[in-house]
Amino acid sequence: MNFRSVKTLYAAEMARSLRTVLQSIVSPVISTSLYFVVFGAAIGTRISEVDGVSYGAFIVPGLIMLMLLTQSVSNASFGIFFPRFTGTIYEILSAPVSYFEVVLGYVGAAATKSIVLGLIVLITARLFVPFEIAHPLMMLLFLVLTSLTFSLLGFIIGIWADGFEKLQLVPLLVITPLTFLGGTFYSIDMLPPAWQIVTLANPVVYLVSGFRWSFYGMGDVSIWASLGMIALFLALSLAVVNWIFRSGYGLKP
């Protein structure tokens with residue numbers, strides 16, 4: 001593996017984030033904090049606890065997961081779309097750099113930014129409400145796997161999109177609604193039985209539930225089901241990325 005090429009692509013993407021620190025880091029943290037303040041204050045006064053956990057602490061994992069999913073997709077999609085838009089992607093593809101190294105550089109940078117944002121939001125949430133992390137290693141595992149998987153999804157979207165409008169299509173119309181309906185602000189046990197069954201068809205439920213389990217040792221679904229779902233997402237994303245480079249879809253002029 002050419003580590004120098006991976007380092008160059010990775011460093012270029014990280015440098016772009018540092019040049020736009022207000023948009024890349026400060027804005028997501030403020031937005032997530034506002035979610036926490038508004039929902040914690042508005043609903044927390046009516047719901048004191050959920051499964052023995054204060055409502056303010058209960059929504060912390062869901063809000064971090066919401067931010068992880070949206071930011072991982074947005075960072076990775078724009079990271080690969082911009083070189084396609086400017087045409088510099090052809091210089092990268094013609095260089096002695098393998099497809100794996102290209103993906104590792106772009107996706108690695110996007111995942112790193114999401115992980116850093118997740119940790120910053122975690123620290124920020126601690127200023128608002130006390131909470132403990134029952135399984136810190138599992139929490140870090142979910143943090144890394146989710147960031148990596150959805151950065152791969154963002155990479156796929158960046159290849160698929162032929163305009164800036166399409167970059168926001170999936171995050172706004174698919175990922176964000178699924179996250180809001182995936183138990184971010186509530187336990188699915190609070191829903192009527194019929195809606196509980198429907199909600200289990202939402203794959204984001206398994207991600208939010210698994211991440212919440214790492215905090216409080218409880219979730220809406222089994223921790224093994226959550227790990228299986230994120231592993232399935234990761235495998236599907238890798239398969240699609242492999243097909244993209246083998247077929248040249250979205251990369252060849």
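The values are calculated or read from the model by the stated rules, or taken from the named source; none is laboratory data. Model, not experiment: these values are computed from the prediction. Please note: Cβ atoms are built from the backbone with ideal geometry, for glycine as well, and neighbour counts cover all protein chains shown.
Here are the numbers for the structure shown:
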quantity: Test result for residue 103, out of contact with any Lys or Arg (no Cβ under 7 Å at 6 or more places or on another chain), under 30 Å from residue 3 (Cβ atoms) and modelled with pLDDT under 85; calculated: yes
quantity: Segment 79-92 residues that are within 15 Å of residue 10 (Cβ to Cβ), paired with ones that are of a type in the set (A, V, I, L, M) and surrounded by 16 or more Cβ atoms within 10 Å (Cβ to Cβ) (beta carbon under 8 Å, 6 or more apart); calculated: 79/109; 79/110; 80/89; 80/159; 83/89; 83/92; 92/9; 92/102
quantity: Single unsatisfied condition, residue 213 versus (1) within 18 Å of the chain's Cα centre (by Cα); (2) more than 15 Å from residue 187 (Cα to Cα); calculated: (2)
quantity: Residue within segment 44-55 that is in a helix (DSSP H, G or I) and at pLDDT 75 or above present; calculated: yes
quantity: Checklist (1) more than 30 Å from residue 89 (Cβ to Cβ); (2) over 18 Å from the mean Cα position of the chain (by Cα); (3) modelled with pLDDT of 85 or more applied to residue 193, failing item; calculated: (3)
quantity: All helices (runs of 4 or more DSSP H) inside segment 119-189 with 2 or more residues being modelled with pLDDT of 90 or more and surrounded by fewer than 18 Cβ atoms within 10 Å (Cβ to Cβ); calculated: 136-160
